[in-house]
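**Student:** Let me begin by handing over the structure; questions about it come next.
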Amino acid sequence: EAGVAQSPRYKIIEKRQSVAFWCNPISGHATLYWYQQILGQGPKLLIQFQNNGVVDDSQLPKDRFSAERLKGVDSTLKIQPAKLEDSAVYLCASSLEVWAFFGQGTRLTVV
Amino acid sequence: GESVGLHLPTLSVQEGDNSIINCAYSNSASDYFIWYKQESGKGPQFIIDIRSNMDKRQGQRVTVLLNKTVKHLSLQIAATQPGDSAVYFCAETISGGGADGLTFGKGTHLIIQP
């Protein structure tokens with residue numbers, strides 16, 4: 001079974017620039033999550049999709065972060081403009097039931 | 001603040017010994033708990049889960065114990081191997097409600113001494 005695919009693996013940008021991350025979940029998984037993992041901490045949920053609808057985005061900083069899941073499959077997470085504190089690993093996960101499969105993440109460094 | 005936390009940031013054990021990683025949670029409404037293993041540069045990997053109607057669940061070399069009275073979760077790894085070196089996170093959620101995103105603790109870094 002293919003896992004959750006994410007790209008790019010690494011990204012370095014300057015503050016105030018924009019960045020986008022892409023995620024392809026496991027085939028058939030209706031639920032997709034984006035998590036932010038700051039170094040030394042556990043992942044923090046940003047947004048949860050059920051098919052192409054948002055279930056929970058209560059922790060998404062909506063002034064600068066946006067996410068979409070067109071057609072209920074792939075998803076993109078965008079940050080515009082980026083701040084230094086956005087430096088983190090952005091993890092995408094998908095699930096069929098309750099527990100989630102995670103991708104390898106995109107490591108974002110904002111300088 | 002965090003609704004799930006871990007008692008120790010680092011745990012060092014001898015290869016072959018048993019490891020016990022502890023976790024405290026604060027959301028009494030949580031009914032589903034998962035342990036994840038995260039190796040450097042990788043995403044979290046599912047190890048074992050347990051529902052709140054159970055107090056123990058065993059897998060291959062791993063056992064999870066749940067004490068709902070004191071809101072405590074533990075992961076026991078038998079005969080620890082070098083490949084067990086990683087950061088271990090406990091995570092909780094309320095299942096069946098639609099919005100079931102996991103709340104993670106800070107993690108325990110398990111170090112295996114030869």
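**Student:** When the Debye formula is applied to the Cα atoms of the range A:5-84, each taken as the same point scatterer, what base-10 log of I(q)/I(0) results at q = 0.26 Å⁻¹?
**Tutor:** Values returned for q = 0.26 Å⁻¹ are -1.43.
**Student:** Also: Counting pairs of alpha carbon atoms under 8 Å apart in space and at least six apart in sequence, what relative contact order in percent does chain B give?
**Tutor:** Once divided by the residue count of chain B, the mean separation gives 38 percent.
**Student:** Semi-axes, largest first, in whole Å: what does sqrt of 5 times each Cα gyration tensor eigenvalue give for chain B?
**Tutor:** Taking √(5λ) for each eigenvalue gives 23, 14, 13 Å, largest first.
**Student:** Another question, then. Given the C-alpha centroids of the range B:56-107 and the range A:1-60, what is the distance between them in whole angstrom?
**Tutor:** For the range B:56-107 versus the range A:1-60, the Cα centre distance is 22 Å.
**Student:** On to the next question. What residue among A:GLY103, A:THR31, A:ILE79 has its Cα farthest toward the positive end of the dipole of chain A, where the charges are +1 on Lys, Arg and -1 on Asp, Glu, each on the Cβ?
**Tutor:** Going by the Cα projections, it comes out as A:ILE79.
**Student:** With the contact rule set at Cα under 8 Å and sequence spacing of 6 or more, what percent relative contact order holds for chain A?
**Tutor:** With pairs under 8 Å counted, the relative contact order is 37 percent.
**Student:** A further question on this structure: Can you return the aspartates and glutamates within cross-link range of A:LYS15? Criterion is Cα-Cα under 16 Å, with same-chain partners fewer than 8 residues away left out.
**Tutor:** Cα-Cα hits under 16 Å: A:ASP63, A:GLU85, A:ASP86.
**Student:** Threshold 50 Å², probe 1.4 Å: give the residues of the range A:92-107, in number order, that are less accessible with all protein chains present than with their chain alone.
**Tutor:** Residues passing the criterion (a loss of at least 50 Å², heavy atoms only) are A:VAL98, A:TRP99, A:PHE102.
**Student:** Here is a follow-up. What's the FRET efficiency of A:GLN59 with B:LYS42 using the Cβ-Cβ distance as r and R₀ = 25 Å, to the nearest 0.05?
**Tutor:** My answer for the efficiency is 0.60.
**Student:** Out of every Cα pair in the protein assembly as shown, what percent are spaced more than 33 Å from each other?
**Tutor:** 16
**Student:** Counting Lys and Arg as +1 and Asp and Glu as -1, what is the net charge of the other residues whose Cβ lies under 14 Å from the Cβ of A:VAL111?
**Tutor:** Cβ neighbours under 14 Å give a net charge of +2.
**Student:** Provide a list, ordered by number, of residues in the range A:18-44 showing at least 10 Å² less accessible area with every protein chain present than when their chain is taken on its own, using a 1.4 Å probe.
**Tutor:** A:TYR33, A:TYR35, A:GLN37, A:GLY40, A:GLN41, A:GLY42, A:PRO43
**Student:** Also, quick follow-up: A:LEU96 versus B:GLU15, label points 7 Å from Cα toward the beta carbon: distance in nm?
**Tutor:** 3.6
**Student:** If you don't mind, another one. Leaving out ligands, DNA and RNA, and with a 1.4 Å probe, what % of the accessible surface on the protein assembly as shown is carbon or sulfur?
**Tutor:** 49
**Student:** With a 1.4 Å probe and every protein chain left in place, tell me how much accessible area A:LEU39 has, in Å² to the nearest 10.
**Tutor:** 150
**Student:** Return the value, in Å² to the nearest 100, of accessible area buried between chains B and A (probe 1.4 Å, both sides summed).
**Tutor:** 1500
**Student:** On average, how much accessible surface per residue is there in the protein assembly as shown, in Å², for a 1.4 Å probe, leaving out ligands, DNA and RNA?
**Tutor:** 49
**Student:** Can I ask one more? Given +1 on the Cβ of Lys and Arg, -1 on the Cβ of Asp and Glu, and no further charges, what dipole in debye does chain B carry about its Cα centre, rounded to the nearest 20?
**Tutor:** The calculation lands at about 120 debye.
The values are calculated or read from the model by the stated rules, or taken from the named source; none is laboratory data. Computed from a prediction, not measured in an experiment: that's the story for all the values here. Backbone-built Cβ (ideal geometry, glycine too); neighbour counts: all protein chains shown. With ligands, DNA and RNA removed, areas are computed over all heavy atoms of the protein, side chains included. Shrake-Rupley method; radii C 1.70, N 1.55, O 1.52, S 1.80 Å.
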